[in-house]
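In what follows, a structure is listed as structure tokens, so that the remarks can point back to it.
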Amino acid sequence: MLGPDGADGITALDLFAGTGAVGLDLLEHGATHVDFVEIDRTRAAKIRQETVARNVSDKASTYQADAIKTLSRLAGNSYNIVFADPPYDMDPWEELFTGIRRHDLLEPDAWIIAEHATRNQLPNNISGATAINRKRYGDSSITIYSFPKNSNNPDKDHETQR
């Protein structure tokens, strides 16, 4: 899905990280840095332990915190990929995408990869992001979003007009 270079040189944000499997895989395939956000204290500790065991702790930061609330703390960071896999009974998408955009967390041509229950089809457009690909894996689906290249952060646009 990432192309011939895999994750070489990318930065990623793994939201609702759970075991951290996605971010750890990205690190093993060449990502330069991954930020993990997991609200569960035990899971966050296990992610930290796993980054040490795999000798990638210098390329990872783990936040034991709420994913949506942590977006403001991550302002100033910039990601090529944001992977979000919230519990399937949650519907955080509008707030999540708005926060990502508000805090300017994306590199140009970045992807937001949303994992969700197949029964919960995500819309083609959320907060200015557009679905560019969809994959179904039984009860789980992935929808990949990007923001248009000319899509600016509305908060920044407002600031420049002052």
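None of the figures in this text is laboratory data; all of them are computed from the coordinates on show. Because the structure is predicted, anything quoted here is derived from the model rather than measured. Because the Cβ atoms are built from the backbone with ideal geometry, glycine has one as well, and the counts that use them run over all protein chains shown.
The conditions are (1) within 12 Å of the chain's Cα centre (by Cα); (2) farther than 22 Å from GLY9 by Cα; (3) of a type in the set (Val, Ile, Thr), and THR98 fails exactly one of them. Which is it?
All conditions are met except number (1).
ASP89: part of a loop (DSSP other than H, G, I, E, B) and surrounded by 12 or more Cβ atoms within 10 Å (Cβ to Cβ), yes or no?
Spelling it out, it is not the case that ASP89 is part of a loop (DSSP other than H, G, I, E, B) and surrounded by 12 or more Cβ atoms within 10 Å (Cβ to Cβ).
Say we look at region 44-79 and pick out the residues that are among the small types (Gly, Ala, Ser) and surrounded by 18 or more Cβ atoms within 10 Å (Cβ to Cβ); which of these is nearest to LEU106 (Cα to Cα)? Write out each step before concluding.
First, the residues of region 44-79 that are among the small types (Gly, Ala, Ser): 44-45, 53, 57, 60-61, 65, 67, 72, 75-76, 78.
Adding the requirement that they be surrounded by 18 or more Cβ atoms within 10 Å (Cβ to Cβ) leaves 44, 60, 67.
Values: ALA44: 23, ALA60: 18, ALA67: 16 Å.
My answer is ALA67.
Among the residues of region 25-55, write down those that are touching a Phe, Trp or Tyr at 6+ places or on another chain (Cβ under 9 Å), over 17 Å from ILE112 (Cα atoms), in a helix (DSSP H, G or I) and not basic (Lys, Arg).
Within region 25-55, ALA44, ILE47, THR51 meet the criteria.
Looking for something closer than 21 Å to LEU24 by Cα and among the acidic types (Asp, Glu) - is there at least one such residue anywhere in region 91-106?
No, that holds for no residue.
Determine which single condition ASP58 fails, assuming it passes every other condition in (1) out of contact with any strand residue (DSSP E or B) (no Cβ under 7 Å at 6 or more places or on another chain); (2) touching a residue at least 40 places away in the same chain (Cβ under 8 Å); (3) within 23 Å of ALA7 (Cβ to Cβ); (4) not in a strand (DSSP E or B).
(2)
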